[in-house]
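The values are calculated or read from the model by the stated rules, or taken from the named source; none is laboratory data. Since the structure is predicted, the reported quantities are computational estimates derived from the model, not experimental observations. Reconstructed Cβ throughout: ideal geometry from the backbone, glycine too, with neighbour counts over all protein chains shown.
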Amino acid sequence: MRKIAKLILKVSEIIDKPTFLIGIPTFILLFFMGDFVLNLWLGNKYNPTIGMAFKIIVLGYLINLLSVPAYYYFMGIGKVKCCFLAHFIQSALNFIFILILIQIKVVDFKLIVISYSLSISISALLLLIIYYKNIGLNLGYLNDRIHKYLRYIKNG
């Protein structure tokens, strides 16, 4: 339990307070109440597949939400290339995942939604990594792995 409390404290220090206090609980509520709200809204036109897709997309956007402060940080200091890179990677991953699904001939709605959510999550995590590197935040082991990877890329 102490480890979880320390993790929550560390996360709340890294992301901005409104995101942590309002955004995350809202997305968690949407995840658990999505089926009910969609059923209430759509009535007899509700299909359980919509609820499943909504939950998967909410998870992707929850991870994306954590990168919003980093996104606006880069916009604010004029490093829009970092934001563009995140969007480009998200688009490229969407394209690659769909090509893979087509290639293995397993294109279905659930896998498309999962691949979309993964693309959002991966690009958001990349933006966070660039942000942490840019502000010099020490993330211990993760920080060491990031620097090792960046040195590997730089040195070939």
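General remarks:
- Filtered residues of segment 34-61 (kept if more than 19 Å from the chain's Cα centre (by Cα), assigned to a helix (DSSP H, G or I) and surrounded by 11 or more Cβ atoms within 10 Å (Cβ to Cβ)): ASP35, VAL37, LEU38, ASN39, LEU42, THR49, ILE50, GLY51
- All positions within segment 50-103 that are touching an Asp or Glu at 6+ places or on another chain (Cβ under 7 Å) and over 30 Å from LEU40 (Cβ atoms): PRO69
- Here is the figure for segment 17-67: residues that are free of Cβ contacts under 8 Å to residues at least 40 places away in the same chain and of a type outside the set (Lys, Arg) total 32.
- Inspection of segment 19-30 finds a residue satisfying the criterion of being part of a helix (DSSP H, G or I) and at pLDDT below 70.
- When ILE122 is tested against (1) modelled with pLDDT under 90; (2) within 21 Å of the chain's Cα centre (by Cα); (3) within 25 Å of LEU21 (Cα to Cα); (4) not small (Gly, Ala, Ser), exactly one condition is not met: (1).
- Qualifying residue in segment 112-120 (condition: out of contact with any Cys (no Cβ under 7 Å at 6 or more places or on another chain), touching a residue at least 60 places away in the same chain (Cβ under 8 Å) and either surrounded by fewer than 18 Cβ atoms within 10 Å (Cβ to Cβ) or of a type in the set (A, V, I, L, M, F, W, C) (or both)): yes
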